[in-house]
Amino acid sequence: MKILRASEDYLEAMLIMKQKHGYIRSIDVAEYLGVTKPSVTYTTKRLRENGYITMDADGLITLTDSGMEIASNMLGRHKALTKFLISLGIDDITAEKDACKIEHDISQQTFEAICAHAMEHEGKPVE
């Protein structure tokens, strides 16, 4: 199933919140992504309906296995692409923003080629 780019961003943000705080709250996701609470409410409903997250009675969010797989993949791509762009001389902030745009749109084949190229030129994996 193809997942929407925005949903990938939300799942990635949720994983980042989990790593940062040890839990995931809608308000933290909204703040991190710079979106409104109603936007998060709408998207979390869709993510729940599609089986990517669950929410408990207190509103804490948990990534399901399928949600975690997507979130981990997107976060890994994001980190690798950010590191690659920085190695090209792009400043940290621009590299971070551009990596977020690129991570959704390139094929797995292109992503792997970028990583292989970086590894060949740096002698270490881009992760």
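The values are calculated or read from the model by the stated rules, or taken from the named source; none is laboratory data. Predicted model, so just to flag it, every value in this text is computed and none were measured. Neighbour counts are summed over all protein chains in view; Cβ atoms, including those assigned to glycine, are modelled from backbone coordinates with ideal geometry. Surface areas here come from the heavy atoms of the whole protein model, side chains and all, with no ligands, DNA or RNA. Shrake-Rupley method; radii C 1.70, N 1.55, O 1.52, S 1.80 Å.
One table, with the values for the structure above:
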{"item": "Hull shadow area, averaged, segment 1-44 [alpha-carbon convex hull, nm²]", "result": "3.0 nm²"}
{"item": "Net charge of Cβ neighbours under 13 Å - reference M17; Lys, Arg +1; Asp, Glu -1", "result": "-1"}
{"item": "Selection from A57, G34, Q19 lying farthest towards where the dipole of segment 16-80 points positive, charges on Cβ", "result": "G34"}
{"item": "Scaled radius of gyration (Cα, divided by 2.2 N^0.38 Å) that the chain gives", "result": "1.12"}
{"item": "The chain - mean residue ellipticity at 222 nm from DSSP helices (-39,500 (n - 2.57) per run, n ≥ 4, rounded to 500)", "result": "-23000 deg cm²/dmol"}
{"item": "Carbon/sulfur fraction of accessible area - the chain, other protein chains in place, 1.4 Å, %", "result": "55 percent"}
{"item": "Cut-off 14 Å between beta-carbons: net charge of the residues surrounding C100, Lys and Arg +1, Asp and Glu -1", "result": "-2"}
{"item": "Accessible surface, per residue, of segment 1-88 when the full set of protein chains is kept, probe 1.4 Å, Å²", "result": "56 Å²"}
{"item": "For the chain, size of Cβ-based charge dipole, Lys and Arg +1, Asp and Glu -1, in debye", "result": "340 debye"}
{"item": "Charge dipole (debye, nearest 20) of segment 50-93; +1 at Cβ of Lys and Arg, -1 at Cβ of Asp and Glu", "result": "260 debye"}
